[in-house]
Every structure is written in structure tokens, then in C-alpha cells.
1. To the nearest 10 degrees, how steep is helix 2-22 against the longest Cα principal axis of the chain, on a 0 to 90 scale?
2. With N set to the residue count of segment 261-339, report its C-alpha Rg divided by 2.2 N^0.38 Å to two decimal places.
3. Check the chain for me: any Cys whose beta-carbon has no other cysteine beta-carbon within less than 4.7 Å?
4. Beta carbons within 10 angstrom, averaged per residue: use that to sort the peptides 327-339, 53-65, highest first.
5. Run lengths n ≥ 4 of DSSP H only: what is the helix-derived mean residue ellipticity at 222 nm for the chain, with -39500 (n - 2.57) per run over all residues, to the nearest 500?
6. Only counting other Cβ atoms within 10 Å, I'd like Ser359, Ser212 sorted with the fewest neighbours first.
7. Report the label-to-label distance for Asp23 and Ala166 in nanometres (one decimal), using points 7 Å from each Cα along the Cα→Cβ vector.
8. If only Cα atoms are counted, what is the Rg of the chain, and what is its Dmax, in Å?
Amino acid sequence: MMKNKILLFLFLAVFTTTQAQQDLYNLLVGTYTNTCENKGIYTYKFDVISGNSKLNGSTVNIQNPSFLALSSDNKYLYAVNESGATSATTSFSYDGNAGKFIVLNKQATKGADPCYVITDDKNVITANYSGGSITVFFKNADGSLTDAKQVVQLSGSGPNKERQEASHLHMVAFSPDYKHVLAVDLGTDKIYVYDYNADASKDILTFKGSVSVKPGAGPRHLTFDKDGKYVYVLNELDGGLLTYSFVKGELTLVEDTSVMAREYKGDFRAAAIALSPDGKFLYATNRGEANTISIFKVLKNGKLEFKEAVSTLGKGPRSFVIDPTGNLLLIANQFSNEVVVFRRDKSTGGLTDTEKRISVCQPVDLLFEKRL
């Protein structure tokens, strides 16, 4: 009898430990480093059940690693370094479980102030805001980067003299089938579509076409639905939220709505956009005087139904991320120097404060490792 109790105890102990480990995910945070003491990139052990987090490691003296991208095997990390004419992309060997970052190399983006980065097994691509350009790097076998293999320079302007005096690339994104790369230009009110030739030696990106949004709208970020049938585009300057169908690289407008509630009259600057893991809800952050995150239900025809706008409980919400289980939503409040953790109702999309916080200087980008 005693032997059976001991075996049961050992089984429960092992099961509890295993379950607790399964609830932990590695969370990466990219930051700005110019205004407060900051080491650059941080990694945390994050519990997707409780919302608790524990610092597990960081880089050392990496300048403005605002946006991040992980390789498909989680072994290599890429970060843009926003620093004007000397801007670059840094590659790291990365061990999330140990919380270790090792710099492999750093390559100039040849375009000022890169503000987004994506990667697949072949290439790393950045969107360069001040440079108005897209840069493509090849990846070496050890995860490091070659010199820039292609720089796509764009030009033009928009009616907003302060923000649209020139082309300002704000994001690049792969289509779900990796046949295309989309680029969002805040400065010229355009969304560009490129054919993606991953193995090409020279013209990795070849221009396919573009669509224009309303003059002065300032498109900033976009996201695809999981099937690649619809693209949702968030405009920073006018708060527009656009739905496009996407067929063979062609964008066709389906709906033009607003990220803000109709009764809202204050200043805003839309920031980030993402769908829930099940694709049933869309979320978008709003800065300026708003400091909210808007929640939309996704309808069967790809259109959106506004549900509510919720305070982000901080200032300057930038990127946000939903954990892989869909339980929690984390928002990087840049100007209040913390990440706020919300519990997410999977049936309604609604958010409630868990009262869990991650204190970090100027958080910008949040990224969970994928389970392999």
C-alpha cells in the first residue's frame, strides 16, 4: 500500500512538473535604448496560464533593437538597429531555454532607420522607414548575414507635409504561401506587392503591382488571415482599417472602416494589428491621446464588426502579441515602460486586466517562440 502511494506521489510530481513546463513559453522583447538604461533585447520565461514571467536573459549594448524575427528552428534571431544613416541588422545565435544571445555579425541596411524585419530559411528582409527602401540579405549556413544583396528604393510623397514628405517604408510581410512580399509605405499611401524569388542570386524581389489608399491615410502595418485570402491594413494617420481580398498577388478592396469607435474625437496614431490564433478576432493598437486597443469580430466575408476599444493601461502602445494558446494578450506600452498582460475571452474577444506586468525600458516588439 505504501509503495503504491509513493509511486502515485512520484507520478503526480512528474506530471505537475511536465505540465508546468508545457505552460512556459519563451518571450522576446525588442526595445529602444536611447532614453533609459537598457541592454537591448530581453527574453523571459512566460507562463501562459497565470501570466507570470521571469527574466531569463538579455543582450548587452545592442542599439535600438526595436523589431525582431526568429528563424523557423528558433536558433537564430535577427534585429534591426534604428540609428539613422548608420542603421543595421544584427544576427544572433539564440538559445531561448538558456536565455543566451551570441552576436554573429552586423550588416548595414543601406537605408536609414529600419523599423521591421522578417525572415525565412533563405533571406532576411527589412523595411527602412527614413530610407524609404527595402533591403534583402542572404543567410549564411551559420545564421549570419551576407552584405545586402538587394535594395529596393522607393520614392514619392503624400499630402501630410510633416509625415509624408518622402517614401517611408513601415513594414514588410510574407504572404502565407511565401510567393509574395508586401510592403507598406506610409509616406506615399501605397501598398506594394512583390513576387518573392527566394533562391534568386540578384532580383529576390520583383515588382508585381501596388494599390493606393486615401491620400494622407498613412498605411503602417498589415496582417494576413491564415489562409491568405484577406489582408487587413491599418492606417496610422487617419485611423483607417482596410480589408482587401488577396488572389494571386492582386489586392482588391473589400471594406474601409475605422479603427476607432465612432464617438471618439481625440488625437490618435494607430500602431499594430494582429488576428487571434483562431482567426475569429482582430485587434489594433492606437496611440496619441487614445492609448487603446480596438477589438473586431471577423465575419465570414472577411469584413469586420467593431466590438469595443479597451484602455491599454499605459502610454504609447506599440506591438502586442497573443500567446500561442490564445489565453493572454500582451501589449508593449512604450512610454510607460512596461508590458501589460490581459486575459482574453476566446468566445467574445474581450480583454480583462490580469494585473501582471513586465517592467522594461521602452518596449516596442513582442515575440513568442514557436513550439517545434
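1. Rounded to the nearest ten degrees, it is 10.
2. This ratio for segment 261-339 stands at 1.08.
3. Cys with no partner Cβ under 4.7 Å: Cys115.
4. The peptides rank, most packed first, as 327-339, 53-65.
5. -2000 deg cm²/dmol
6. With the sparsest Cβ surroundings first, the list reads Ser359, Ser212.
7. Those two pseudo-labels are separated by 5.1 nm.
8. 20.8, 82
Quick note: the coordinates plus some simple rules give every number you see, no bench work behind them. Being a predicted model, the structure only gives us computed values, none of them experimental. Positions of Cβ are generated from backbone atoms using ideal geometry, with glycine treated the same way; all protein chains shown enter the neighbour counts.
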